[in-house]
1. Please identify, among B:Ala406, B:Ala16, B:Ala175, the residue showing maximal mean-square fluctuation in a Gaussian network model of chain B using a 10 angstrom Cα cutoff.
2. Given axes a ≥ b ≥ c from the Cα gyration tensor, I'd like to know whether the range A:52-98 is rounded (a/c under 1.5), prolate (a/b larger than b/c) or oblate.
3. Sequence neighbours fewer than 8 away in the same chain don't count; with that in mind, list the lysines whose C-alpha is under 22 Å from A:Lys403.
4. Size of the dipole of the range B:148-238 about the Cα centre, Lys and Arg at +1 and Asp and Glu at -1 on the beta carbon, nothing else charged, in debye to 20?
5. What ³J(HN,Hα) values, in whole Hz, does the Karplus curve 6.51 cos²θ - 1.76 cosθ + 1.60 give for the range A:274-288 when θ = phi - 60°, with x put for Gly and Pro?
6. Over both sides of the A-B contact, add up the buried accessible area with a 1.4 Å probe and give it to the nearest 100 Å².
7. What fraction, in whole percent, of alpha-carbon pairs in the protein assembly as shown exceed 51 Å separation?
8. Just want to confirm a number: the relative contact order over chain A, from Cα pairs under 8 angstrom separated by 6+ residues, in percent.
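The values are calculated or read from the model by the stated rules, or taken from the named source; none is laboratory data. Please read all numbers here as calculations on a predicted model, not as lab measurements. We place every Cβ from the backbone using ideal geometry, glycine too, and count neighbours over all the protein chains shown. All accessible areas refer to the heavy atoms of the entire protein, side chains included, with ligands and DNA or RNA removed. Shrake-Rupley method; radii C 1.70, N 1.55, O 1.52, S 1.80 Å.
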Amino acid sequence: MFKYALKRILTFIPMLIAISLLSFVISINAPGDPVERLSKAAGSEGSAEQQSGASKKIKQELRKKLGLDLPIFYFSITDLAASDTLYKVQDKYHKANLEALTHQSGNWRAVSDYYSSLLNLQKAHQKIDAKKIVANDSSLSLNIVNEAANQFGFEIGSLLETSDKTIIPLKFEKMNSLLQNHVFLSDLKNPLFNVQQSREGLFKNATRWKTYIPTISWYGGKNQYHLWLLGNGKDRKGLLRGDFGISYIDSQPIESKIWQKVGISFSLSLISIFLAYLISIPIGIYSAYKKDSAADKGMSLVLFVLYSMPSFFVATLLLLQFANPDNLSWFPVSGIQDPTIFDPNWNLWMKLKHRMPFLILPIITYTYGSFAFLSRIMRVGMIDVVSQDYIRTARAKGLGEGKVILKHALRNSLLPVITVFAAIFPMAIGGSIIIEVIFSIPGMGVEVLNSILNYDYPMIITVFTLSGFLTMVGYLVADLLYAVVDPRISYK
Amino acid sequence: MQNTNENFSFKKYAWAQFKKNKIALVSLYLLLVLVIIALFAPYIANDRPLYAEYEGNTLYPAFASDTRTDSIHNSKGDFIQVLQYDITDWRQLDLTSVIWTPIPYSPGSMDRYNRDYAAPSGKQRFKNSDGEIIDIPSKFRHKLGTDGIGRDLASGLIHGTRISLMVGLVSMGIASFIGIILGALAGFFGDTKLKMPRIKYWLTIFGVFMGLFYGFGQRKYILSQAFSEGIGDGMIAMLASIGVAIVITMLFRILSKAIQFEWLNKEVSVPMDTFVSRGIELLNSIPRLLLIITITAVVERSIWIVMIIIGITGWTGIARFTRAEFLRIRSLEFVQAAESLGYSSIRTIFKHALPNALAPVFVSIAFGIASAILIESGLSFLGIGVPDDIVTWGSLLNLGRQNLEAWWLIIYPGMAIFITITIYNMIAEASRDALDPRLKS
């Protein structure tokens, strides 16, 4: 059995790599730029001048720290036209646009010329000082100058992010007319001319055939995935050594975030599974004892109906009935504690006593979700076992019905129930998202949902990988338990 | 007795067994009712009347397209007004005779006189054609109440039927397609039965890679362009991409025939079963709801995309059942007969073996539909995936959760979800008993 377990554990490794890859692929396709979000959270959002200066440097450092300046994976499969240094471009939208342009033209050199000419134009545009212009030419008002300059800047910004063949000429037209109407923008004339020139170069020197030839570019060990999985030997230790990275929402280490939240989710699922077993096993026994009686048939129908009832509906009904001033206001609506009374220095008993009313409805909902399912399995399993030959033998040799059911049948009917046990651990790490949201329980479910909605992908990947790992461990434990319960099963 | 009947067929037997289960039969009829409601939703709940007589013109507004615009002239030929069907408030018009739909509200239309959760039996107001605000006439009463912005709940439920049935159909359609094909291949070929020359094996893998490159990598921008124009265009472009991928794979397979070397032509077996089983294991070890929420957060918000995602993540159960059936079937005489007659594997699998494997698979599809509906309503309940302007049962229930005083927004949508799921589960359970008596519980 030990050998079997070891063999199973070895198969975990490729599976875990596959899971982490899958979640990695999903998360790199997420919209938005994590660095922008993090720097915004840090409060460094400011005017255009500020952004170009200090905050740009901060962003660069942040990007480097998170490893976002590295290529994504060990290799990338692209076409011959695509550049293998594109990952060095920092802005996510620029990157996507350059990729699209390269696809149109097939000539990376022309595209990078176009890009750098656009950046030059942007630089020239940033040098325009409205106050100076107004000081030199008193016939102009500051508003007009600012507006024209802003409009020009806007057009540059959108050119940097669009590859649409019909929009680009329109933007050029607009910029040219701005130049014509406003003499003070004349510094931009040459850079704009360069941009238009290089834009034409995109198609003059097009090598579209290159986009039809696939290539693999190799980046080696310096990539984001490698950094995340194995670390870089310096500040990052990598997932395999227990470092999950930092959250993109608040720069907190993922590990501490998970430890803070996992307790409540884990205890809720543990309590509820325990309660569910407590209810469903007697039901199974009873059904087998009184098989085909009216009570059994009625119970099976009720269980079936309960099984079809979505737990979020049950939860909302409970809230409607028991946490609603219109009906019965027995329990609080949300949360797990009352912040005005709750004192973190209380001992365990006090905390428990204080939280009990908050937790009763969630526990009922949690239990309900697994209870209906478990009872049905238990009932079917029990009836199946009772109709087997060895039970008939047991009865034939004169054993009492109670002894037959409890001693001979119960143990074998526990097999399918064990499978459910395997689901507890992954449930704790993923949390039950819907139930936690309904009752505003600050557990893993809400945490995971928040990180998904905010594209906090270090957290998402960690949760995926951890819950994948725990699911596999759960299955393994269940398989080993089978052997304990049923001596006929052996893994040799 | 039945077995000796000459006309005995398994289908007839199964149907007779199914009919014995009265609850399941009732469920089947209820499902039919749901389908009818879904099909005729625009004629059951609509702002626009079915038939209206206006200034001597006979109009059928509910049957017209949304964008229709009519110039209305009276019987003398004088111009009265331009009627734009979708924005006209038909209740305000002076209609000489009119037939309203049973629920005279569209799911999205906001009744501004009954905002802020008008209760089903509470006070509701109405603006008549003279412009006076009066107590609501019983015809126009919101019989199941309204939500915070005055949308009629009954109408939302009727149109929500459409979405929930479609979710079941589309997502399980996709899941069955993937699951049955993969399961059949895995079960029929196992790890050793599919043999091909080494060069063909390699070139097939290479061909799949090239097919994906030209079908999807190359056409990335065409695809995203098409999807941004609408789901229909997107689907056509998607099919074209899949077509390109298949054609290129085939080309490489044909190419492999041209290459003749002894070592390269040696037969190797393709571990089909391992591929599929690992895939199933992988998908099963990620919590499904978590995976679905993550993907929906990354892609655009659309009900179609939600259905597709539920479909692509939901095929594992079907594949497992199909695989198990094929493992059993492939050693039966009729499959061996088909093989010894020299039929191709594809023909044996899909023409001879598959029809005999479908019974248990059908049951798992029916259970799958129930869980797809459950997942979609769960997502809408969380406000994820489905756009805000689409009214679904889950999103209505969510409105009720946020305002517990509006009990009608909890009870009715919740019951709708619950009943639909029960119906599917009942049918699935009864057909399992009917199709496979061994599994009877």
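1. The residue with the greatest mean-square fluctuation here is B:Ala16.
2. oblate
3. Here the lysines satisfying the reach criterion relative to A:Lys403 are A:Lys290, A:Lys291.
4. On the way: 8 positive and 4 negative charges, 92 e Å.
Roughly 440 debye, rounded to the nearest 20.
5. In residue order, the calculated couplings are 4, 4, 4, 4, 4, 8, 6, 5, x, 4, x, 4, 4, 4, 5 Hz.
6. Roughly 4400 Å².
7. 33 percent
8. Values: 567 pairs, mean separation 95.8, N = 492.
Normalised by residue count, the contact order of chain A is 19 percent.
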